[in-house]
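Chemist: Take a look at the following structure, please.
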Amino acid sequence: MPWSALPAADDPQTVPATLDEAAERATSAAGWVEENWSTWLNTGLRIILILVVALLLRMAIRRALTKLIARMNRSAQAVEGTALGGLLVNAERRRQRSEAIGSVLRSVASFVILGTAGLMILGAFKIDLAPLLASAGVAGVAIGFGARNLVTDFLSGVFMILEDQYGVGDSVDAGVASGEVVEVGLRVTKLRGDNGAIWYVRNGEIKRIGNLSQGWATAALDVTVRPTEDLDEVREVITGAAEGMAKEEPWNERLWGPVEVLGLDEVLLDSMTIRVSAKTMPGKSLGVERELRRRIKHALDAAGIRIVGGTPASAEESGADPTAGMAAPSAFGSAISPQSVAATPLPKPDLGK
């Protein structure tokens, strides 16, 4: 039965097509495909090329960054075995710093390369990118405003690591906490306090940093003696004690310069103060101060120079204090004083009269 003999439906769109119409539609579709296949092929090849170039570029950059970080770690380990390596280089600090920098650089490179490739692929599909970029900008502003503390911590951590403000093993004063740096992260810095507590300090909360382990430290102490002592002799005794300390182990490595007697810092009626200073290895100033103070004390005692705070010489020469057995003055010592008159008992009345 031919197609024309079929009963017509109420809806004209539901009427089955004839063989001629189907052939005509197939011919039109084939012509449309023949006209656009080159465009499809061009678009597909362009997308494949974009993906291949982006992946190869990302792989090359990440491999280069990994080799650079490994070279930095090898150089730190090589210097660590030398004499200055133990003083100036901390392998763990260099490793964490290089790993953090490498992680940030790899993430930034991947984001830029893959993001650019994605936009180029969307452009190959003739998609208008203006609304998409506008929406992404608005979303980025909203996310950044909502997570501003997290963004602040992250950016502060990145700049702290890049500028090498502090590292593992440094003794720092961060304002909100102080102690030895245990770990440096992109968001949080861990400090071990003097009592052993671990402080987790957000990088965004650190407004100032006092690093006590960079460059060199200063050991400063005051020597207080009586004003009657010979100043030149005191200077010679202190200088001799300091020179002897600088020639012995391990102080010859911890002292990074000669001990200087700066001179009189304060002169009072009963004392005068002499300031002594020296450059030391970072983090070793307190130990140098204690040892230098001990040696100066022994040297002054050997030279017969008394420091303020010791037993006065007059007390040793005169023996016992002659006023130790004397009583303190009292108002009852006088018979006519008001206190003595008030304390005198009243006479008893004569009852016989």
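Chemist: Every residue in the range 212-255 that is assigned to a helix (DSSP H, G or I), open to solvent by less than 50 Å² (accessible area, probe 1.4 Å) and not polar (S, T, N, Q), please.
Modeler: Going through the range 212-255, the residues assigned to a helix (DSSP H, G or I) turn out to be 231-246, 251-254.
Pick out the ones that are also open to solvent by less than 50 Å² (accessible area, probe 1.4 Å) and you get 234, 237-242, 244-246, 251.
Listed by number, the residues that qualify are Val234, Val237, Ile238, Gly240, Ala241, Ala242, Gly244, Met245, Ala246, Trp251.
Chemist: Now a separate question. Would you call Gly244 over 27 Å from Ser213 (Cβ atoms) and modelled with pLDDT under 85? Step through it out loud before you land on a result.
Modeler: Working: over 27 Å from Ser213 (Cβ atoms): yes; modelled with pLDDT under 85: no.
Answer is no for this residue.
Chemist: Within the set of pairs 6 or more residues apart or between chains, which connect a residue that is closer than 11 Å to Leu221 by Cβ inside the range 260-284 to a residue that is in a loop (DSSP other than H, G, I, E, B) and β-branched (Val, Ile, Thr) with Cβ atoms less than 6 Å apart?
Modeler: If the second residue must be in a loop (DSSP other than H, G, I, E, B) and β-branched (Val, Ile, Thr), the pairs left are Ala278/Val259.
Chemist: So, in the range 263-283, exactly how many residues are among the small types (Gly, Ala, Ser) and over 30 Å from Glu249 (Cα atoms)? Spell out how you get there, then give the answer.
Modeler: First pass over the range 263-283, keeping only residues among the small types (Gly, Ala, Ser): 263, 271, 277-278, 283.
With over 30 Å from Glu249 (Cα atoms) added as a condition, the list becomes 271.
Within the range 263-283, residues that are among the small types (Gly, Ala, Ser) and over 30 Å from Glu249 (Cα atoms) number 1.
Chemist: In the range 194-209, how many are within 16 Å of Gly175 (Cβ to Cβ) and surrounded by 12 or more Cβ atoms within 10 Å (Cβ to Cβ)?
Modeler: Final tally of qualifying residues: 9.
The values are calculated or read from the model by the stated rules, or taken from the named source; none is laboratory data. Predicted, not measured: the structure shown is a model, and the values here were computed from it. Ideal geometry is used to build each Cβ from the backbone, glycine not excepted, and the neighbour counts take in all protein chains shown. Side chains are part of the model used for accessible areas, which takes the heavy atoms of the whole protein and leaves out ligands, DNA and RNA. Shrake-Rupley method; radii C 1.70, N 1.55, O 1.52, S 1.80 Å.
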